[in-house]
Amino acid sequence: MKQPPIAVIMTCFNRRETTLNCLRALYQQTQTFDVYLTDDGSSDGTSEAVKSAYPQVQIFLGNGNLFWVGGMRLAFTAAIQKDYDYYLWLNDDTILESDTIKRLLKLHQELATNGKEKSILVGTTKDAVTGKASYGGAIKSTKWYSNKYEFFGATDVLQECDTMFGNCVLIPRAVVNKVGNIDGAFIHSLGDLDYGLRARKNGCSVWVAPGYIGTCSKNSIRNSWVDPKLPVTERLKKAVQIKAFPLKPWTEFCRRHSGFFWIIYWCLPYLRAIVGYKNLAASPTFAEDIA
């Protein structure tokens, strides 16, 4: 059976060894693919190291202001122009198992056979140290007063979810034709969640692959907007920064996905930053969840 053309979409910034480790695992895959990598202005020699070790990687250079969404969008734009059958979003701190792409392709082909060709497949990662599930699919909170998208967790069977965190995501051409690229309204966070939600609004679906596809460590809440050890003013300052809930992107996200009373939900992360609940530190996924 002929292998479908696949483009791997990545972005990186100043973590050369992390990026190289990711590529090393990626090139152990049993499937072939093309890699599109944005280096967003790294000063640690990342681009040079990648070119030396993997000259086949197509590298696009940023100026340090693209962040995750901008970097992924730039690489995705170039790949879309080649009209691949599949696109794999991959964070450069994610270490894939050697058969990950093969497994995801097989699962998508099963979905397509059942009339679900326009389906995104999300891989679940686990923390390399703790062995606990870290990133993957996301589901809307069932609490009426919350618009949080919580980490779905690992599953033993193929299961549908609401959207996803973009660490390892397989997107077929049929979805890209409907949704297009990652939206430039976002900067670092929210772009992956928005993409999954827009896909569903356009008649597509999002599924979590069973088991784990590799490892990726959780981001620490230490020194973040939910760190209860920081003073209120510092938490609030961090809450509006690019890697948390910057005002314009967060406003756009809420307008799109939080219904008629979106302004109420818009306030929640800033209120939480002010209140600084002590029990937030016990929540392993809160720093990546949406308020």
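Tell me which residues, restricted to segment 235-246, are surrounded by fewer than 15 Cβ atoms within 10 Å (Cβ to Cβ) and more than 20 Å from the chain's Cα centre (by Cα).
The one that is surrounded by fewer than 15 Cβ atoms within 10 Å (Cβ to Cβ) and more than 20 Å from the chain's Cα centre (by Cα): Lys237.
Only one of Val157, Val129 is more than 27 Å from Cys12 (Cα to Cα), among the hydrophobic types (A, V, I, L, M, F, W, C) and more than 14 Å from the chain's Cα centre (by Cα); which? Write out each step before concluding.
Values: Val129 fails: more than 27 Å from Cys12 (Cα to Cα).
Exactly one of Val157, Val129 is more than 27 Å from Cys12 (Cα to Cα), among the hydrophobic types (A, V, I, L, M, F, W, C) and more than 14 Å from the chain's Cα centre (by Cα), namely Val157.
Name the residue that is nearest to Gly137 (Cα to Cα), counting only residues in segment 200-217 that are open to solvent by 50 Å² or more (accessible area, probe 1.4 Å) and touching a strand residue (DSSP E or B) at 6+ places or on another chain (Cβ under 8 Å).
Step by step, filter segment 200-217, then rank; the result is Tyr212.
From the list Thr163, Thr155, Thr215, pick out the single residue that is modelled with pLDDT under 95 and among the β-branched types (Val, Ile, Thr).
Thr155
For the structure I just gave you, tell me whether Glu117 is in contact (Cβ under 8 Å) with a residue 12 or more places away in the chain, acidic (Asp, Glu) and closer than 30 Å to Gly259 by Cβ.
For Glu117, the condition - in contact (Cβ under 8 Å) with a residue 12 or more places away in the chain, acidic (Asp, Glu) and closer than 30 Å to Gly259 by Cβ - is met.
Inspect segment 188-199 for any residue being closer than 30 Å to Ile264 by Cβ and among the hydroxyl-bearing types (Ser, Thr, Tyr) and give the result as yes or no.
Looking for residues that are closer than 30 Å to Ile264 by Cβ and among the hydroxyl-bearing types (Ser, Thr, Tyr), one finds at least one in segment 188-199, hence yes.
Does Ser47 qualify as being at pLDDT 95 or above, at negative phi and open to solvent by less than 20 Å² (accessible area, probe 1.4 Å)?
Yes.
Would you be able to tell me the number of residues in segment 7-32 that are touching a helix residue (DSSP H, G or I) at 6+ places or on another chain (Cβ under 7 Å) and under 24 Å from Ala112 (Cβ atoms)?
Final tally of qualifying residues: 6.
I'd like to check which helices (runs of 4 or more DSSP H) are fully inside segment 169-268 and have at least 1 residues that are more than 30 Å from Phe33 (Cβ to Cβ).
In segment 169-268, the matching helices (runs of 4 or more DSSP H) lie at 232-239, 247-257.
What pairs can you find where one residue is in segment 240-269 and aliphatic (A, V, I, L, M), the other is surrounded by fewer than 13 Cβ atoms within 10 Å (Cβ to Cβ), and their Cβ atoms are less than 8 Å apart, with a gap of 6+ or different chains?
Listed pairs, sorted by first residue: Val240/Leu247.
If only one of Leu61, Leu74 is more than 18 Å from Asn181 (Cα to Cα), hydrophobic (A, V, I, L, M, F, W, C) and out of contact with any Cys (no Cβ under 9 Å at 6 or more places or on another chain), which one is it?
Exactly one of Leu61, Leu74 is more than 18 Å from Asn181 (Cα to Cα), hydrophobic (A, V, I, L, M, F, W, C) and out of contact with any Cys (no Cβ under 9 Å at 6 or more places or on another chain), namely Leu61.
Restricting to segment 33-44, give me the number of residues that are closer than 15 Å to Ile101 by Cβ and either aliphatic (A, V, I, L, M) or modelled with pLDDT under 95 (or both).
The number of residues fulfilling the criteria is 1.
Only one residue in Asp183, Asp194 is crowded, with 20+ Cβ neighbours inside 10 Å and acidic (Asp, Glu). Which one?
Asp194
Return yes when Pro5 is in contact with a Phe, Trp or Tyr (Cβ under 8 Å, 6 or more places away or on another chain) and of a type outside the set (A, V, I, L, M, F, W, C) and no when it is not. Give the steps one after another, and end with the answer.
Working: in contact with a Phe, Trp or Tyr (Cβ under 8 Å, 6 or more places away or on another chain): yes; of a type outside the set (A, V, I, L, M, F, W, C): yes.
So Pro5 fits the description; yes.
For segment 1-32, give me each residue that is open to solvent by 30 Å² or more (accessible area, probe 1.4 Å), modelled with pLDDT of 95 or more and not basic (Lys, Arg).
Across segment 1-32, the qualifying residues are Pro5, Phe13, Asn14, Glu17, Thr18, Asn21, Tyr27, Gln28.
The values are calculated or read from the model by the stated rules, or taken from the named source; none is laboratory data. This one's a predicted model, so the numbers in the text were calculated from it and none came from an experiment. Positions of Cβ are backbone-derived with ideal geometry, glycine not excepted, and every protein chain shown enters the neighbour counts. When the accessible area is computed, the model is the full protein with side chains, heavy atoms only, and any ligands, DNA or RNA have been set aside. Shrake-Rupley method; radii C 1.70, N 1.55, O 1.52, S 1.80 Å.
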